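Q: Following this message is one structure expressed as C-alpha cells.
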Amino acid sequence: AGADIIGLQESDAARIANLNDAVVRYYAEALGYHSYYGPPPVVGTFGIALLSRAPLINPQTFYMYSEGEQTAGIVAGVETESGHCNVYVTHLGNAGPLVQQEAILRRIGAQQSVVLMGDFNFRADTEQYALTMQTLVDAWASAGGQPDAGWLDPARRIDHLFVSPDVTVEEARYLETEASDHPP
C-alpha cells in the first residue's frame, strides 16, 4: 500500500494463536521501517505497534482502565514533510468501552497535528464515536467515504483513523483483503 505510517493491533507474541512469532520486528525489518511495540508481550494484553518510514520520536505506551484484557495505546512523534505529527495507535476492548475512549481523548487534549488510528471496536452510531467527533475528524468520512467499495459496509466499520481538525485529509480508503476480518 506504500503507507508511511502503519498501526498494528493484535500483534502480540504471547498468545498460542500467534505461535510466538515476532511479527512486528519481521515486518519492520522487511519494510525498512522504524518500529515501536506497545505493551510487553504477556498473556492478557493485546499487542499494538507503530511502524514508520521516518524515525519515531519519544515513543511511549500508556494504559487504560480495562476489565479482562488489558488495553493500551501508543503515542509517538513523527516528522513529516508538513511538520511534526503526533501519532496514536490503540486497540480498545470489546464494544469499545466509553471509559477507554475518554482516556485516549483526555491524553490527546488540545494537541494539534494528531493522527489516531486503531481497532476501536465501536461503530459510527455509538456514543464513543459521537464523543470523538467533538474534537477529532473521521479521516475516511472526511475524504468522502469509499463509494466504489461494495464489499465494505460503512455502518459496520470498527477500525478508524481520526485526525485533529488542523490535518487535511486528501485520501482515506480501506483495502480489500481476505487476510483479516479487519480491512487495512
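The values are calculated or read from the model by the stated rules, or taken from the named source; none is laboratory data. The model shown is predicted, which means the values in this text are computed figures rather than measured ones. For neighbour counting, all protein chains shown are included, and Cβ atoms are generated from backbone atoms with ideal geometry for every residue, glycine included. With ligands, DNA and RNA removed, areas are computed over all heavy atoms of the protein, side chains included. Shrake-Rupley method; radii C 1.70, N 1.55, O 1.52, S 1.80 Å.
Q: Quote to one decimal, in nm, the extra length available between Glu102 and Gln134 on full extension: 0.36 nm per residue of separation minus the C-alpha distance between them.
A: Gain on stretching Glu102 to Gln134: 10.4 nm.
Q: Heavy atoms of the protein only, probe of 1.4 Å, neighbouring chains included. What is the accessible area of Thr61 in Å², nearest 10?
A: 40 Å²
Q: Then there's this: Accessible area of the chain with a 1.4 Å probe: how many percent of it is carbon plus sulfur?
A: Percent of accessible area from carbon and sulfur atoms in the chain: 51.
Q: Per residue, what accessible area does the chain have, given a 1.4 Å probe and all protein chains present, in Å²?
A: Details: 9950 Å² over 184 residues.
Each residue of the chain exposes 54 Å² on average to a 1.4 Å probe.
Q: Here's another thing I want to ask about it. For the chain, what is the charge dipole size about the Cα centre, in debye to the nearest 20, if Lys and Arg each add +1 at the Cβ and Asp and Glu each add -1 at the Cβ? Mind showing how you got there, number by number?
A: Numbers: 9 positive and 23 negative charges, 87 e Å.
So the magnitude is around 420 debye.
Q: Which of Gly145, Ile74, Pro97 sits farthest toward the positive end of the charge dipole of region 23-166, with +1 on the Cβ of Lys and Arg and -1 on the Cβ of Asp and Glu?
A: The residue sitting most towards the positive pole is Ile74.
Q: When the solvent-accessible surface of protein heavy atoms is calculated with a 1.4 angstrom probe, in what order do Ile48, Ile57, Ile6 fall, highest first?
A: Values: Ile48 0, Ile57 70, Ile6 45 Å².
Sorted descending by solvent-accessible area, the residues read Ile57, Ile6, Ile48.
Q: Separation of region 45-71 and region 72-87 by C-alpha centroid, Å?
A: 13 Å
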